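Colleague: Dropping the structure in here first, questions after.
The values are calculated or read from the model by the stated rules, or taken from the named source; none is laboratory data. None of the values given here were measured: they were computed from a predicted structure. Glycine gets a Cβ as well: all are built from the backbone with ideal geometry, and neighbour counts include every protein chain shown. Accessible surface areas use protein heavy atoms only, side chains included; no ligands, DNA or RNA. Shrake-Rupley method; radii C 1.70, N 1.55, O 1.52, S 1.80 Å.
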Protein chains: 2
Amino acid sequence: MSKFTLSVLVENKFGVLARIAGLFSARGFNIDSLAVSSTQDPSISCMTIVVDADKKTLEQIKKQLNKLIDIIKVIDLTDKRYVEKELVLINVNLESKTKEKIIQAVDSVGAEILDVGNETVTISETGDTNKINALIELLRPFGIKEVVRTGKIVIQTEGEKEGGR
Amino acid sequence: MSKFTLSVLVENKFGVLARIAGLFSARGFNIDSLAVSSTQDPSISCMTIVVDADKKTLEQIKKQLNKLIDIIKVIDLTDKRYVEKELVLINVNLESKTKEKIIQAVDSVGAEILDVGNETVTISETGDTNKINALIELLRPFGIKEVVRTGKIVIQTEGEKEGGR
């Protein structure tokens, strides 16, 4: 089992996401993460789906997705060059004795403090999934109140990946 | 008509998004933007919905949302303090004569260059909706090939907003 990233262009219509989610559910395909994003064309949405699968299952998933109506294009990024990012907003518990430590921790990884209240500090970070997960673990000891994260979005860059996956 | 931001906590189940989208569609409510994000609880997703409505319609929307099963909480952020961010990845057409100008434009707004190929430069930016829109307009003259954006996500900060909206 490996993680594969698919970029799926769909018609921006109600119900498309439900149909795709239903397909994965009915077939027992395992979604690791799913993000919905808009594109420069208001009629087209982009779904970034990370699946945990073997090569054979991946081919089945692509075949089934291509059968669905309202799906314009399924791009398997496995052998492609791409960049990935996600965005997270985090509310962390603030106490006078931990304030300095939280600010140091946030600074040490280059994250951004958006708001400092009496009992809560609000932090933002953008990066790949590992970077976001590391920040959450770094902040966990202080007490995490709330996490809102977009899920990974991707964009293809030029050329084929050297040597493939 | 004004823009109102709702933060809706929902059970992370297939079909919830479709039901919410269907509600807006059936009643003719106008969605300005919609982002789905994960939370620290894997069983709960957060939807950030920006609606274009008058005060009376907003109350109807909140009432209808609260009736839907699988909806845990509807938070109207109108009179609350919150921060908002979205993330965008952009592929811009690259020519030798425009390369310097693109790099200068990206630097001038503090965006990030992720990849430079022979014919494409890949750019990332995080910020509020106005900042993202301004970057896209700044890059448009060079030729935009692809835009992937998450939509606005929000997190509440401490206290009530002074003076309301």
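Colleague: Which condition does B:Lys73 not pass, out of (1) of a type outside the set (Val, Ile, Thr); (2) open to solvent by 50 Å² or more (accessible area, probe 1.4 Å); (3) more than 14 Å from chain A (Cβ to nearest Cβ), if it passes all the others?
Modeller: (3)
Colleague: Taking the range B:125-134 only, how many residues are surrounded by 21 or more Cβ atoms within 10 Å (Cβ to Cβ) and either in contact with a His (Cβ under 9 Å, 6 or more places away or on another chain) or more than 10 Å from chain A (Cβ to nearest Cβ) (or both)?
Modeller: Total satisfying the criteria: 1.
Colleague: Something else about it: So, in the range A:104-124, exactly how many residues are within 14 Å of A:Arg140 (Cα to Cα) and more than 14 Å from every other protein chain (Cβ to nearest Cβ)? Step through it out loud before you land on a result.
Modeller: Restricting attention to the range A:104-124, the residues satisfying the condition of being within 14 Å of A:Arg140 (Cα to Cα) are A:105-106, A:120-123.
Checking which are more than 14 Å from every other protein chain (Cβ to nearest Cβ) leaves us with A:105-106.
Residues that pass the stated criteria total 2.
Colleague: Let me ask something else. Within the range B:34-49, restricting attention to residues that are within 9 Å of chain A (Cβ to nearest Cβ), in contact with a Ser or Thr (Cβ under 9 Å, 6 or more places away or on another chain) and of a type outside the set (Gly, Ala, Ser), which residue is farthest from B:Glu84 (Cα to Cα)?
Modeller: B:Thr39
Colleague: Among the candidates B:Leu87, B:Leu139, which residue alone is open to solvent by less than 10 Å² (accessible area, probe 1.4 Å) and closer than 21 Å to B:Lys3 by Cβ?
Modeller: Values: B:Leu139 fails: closer than 21 Å to B:Lys3 by Cβ.
None of the other options fit; the residue is B:Leu87.
Colleague: Only residues that are in contact with a helix residue (DSSP H, G or I) (Cβ under 8 Å, 6 or more places away or on another chain), closer than 21 Å to A:Glu100 by Cα and more than 7 Å from chain B (Cβ to nearest Cβ): list them for the range A:142-159, please.
Modeller: A:Phe142
Colleague: Moving to a separate point now. Does B:Val106 meet the test of being farther than 23 Å from A:Val36 by Cα, touching a strand residue (DSSP E or B) at 6+ places or on another chain (Cβ under 6 Å) and open to solvent by less than 10 Å² (accessible area, probe 1.4 Å)? Can you show your working first?
Modeller: Numbers: farther than 23 Å from A:Val36 by Cα: yes; touching a strand residue (DSSP E or B) at 6+ places or on another chain (Cβ under 6 Å): yes; open to solvent by less than 10 Å² (accessible area, probe 1.4 Å): yes.
Considered against the rule, which asks whether it is farther than 23 Å from A:Val36 by Cα, touching a strand residue (DSSP E or B) at 6+ places or on another chain (Cβ under 6 Å) and open to solvent by less than 10 Å² (accessible area, probe 1.4 Å), B:Val106 comes out as yes.
Colleague: Return the total of residues in the range A:142-163 being under 29 Å from B:Thr120 (Cβ atoms) and either open to solvent by less than 30 Å² (accessible area, probe 1.4 Å) or at pLDDT 95 or above (or both).
Modeller: To start, the set of residues in the range A:142-163 that are under 29 Å from B:Thr120 (Cβ atoms) comprises A:149-163.
Applying the additional criterion that residues be either open to solvent by less than 30 Å² (accessible area, probe 1.4 Å) or at pLDDT 95 or above (or both) yields A:150-155, A:157.
Looking only at that region, the number is 7.
Colleague: Specify the residue that is farthest from A:Val148 (Cα to Cα); the eligible residues are those in the range B:14-33 that are at the interface with another protein chain (Cβ under 8 Å from one of its Cβ atoms) and open to solvent by 50 Å² or more (accessible area, probe 1.4 Å).
Modeller: B:Ser25
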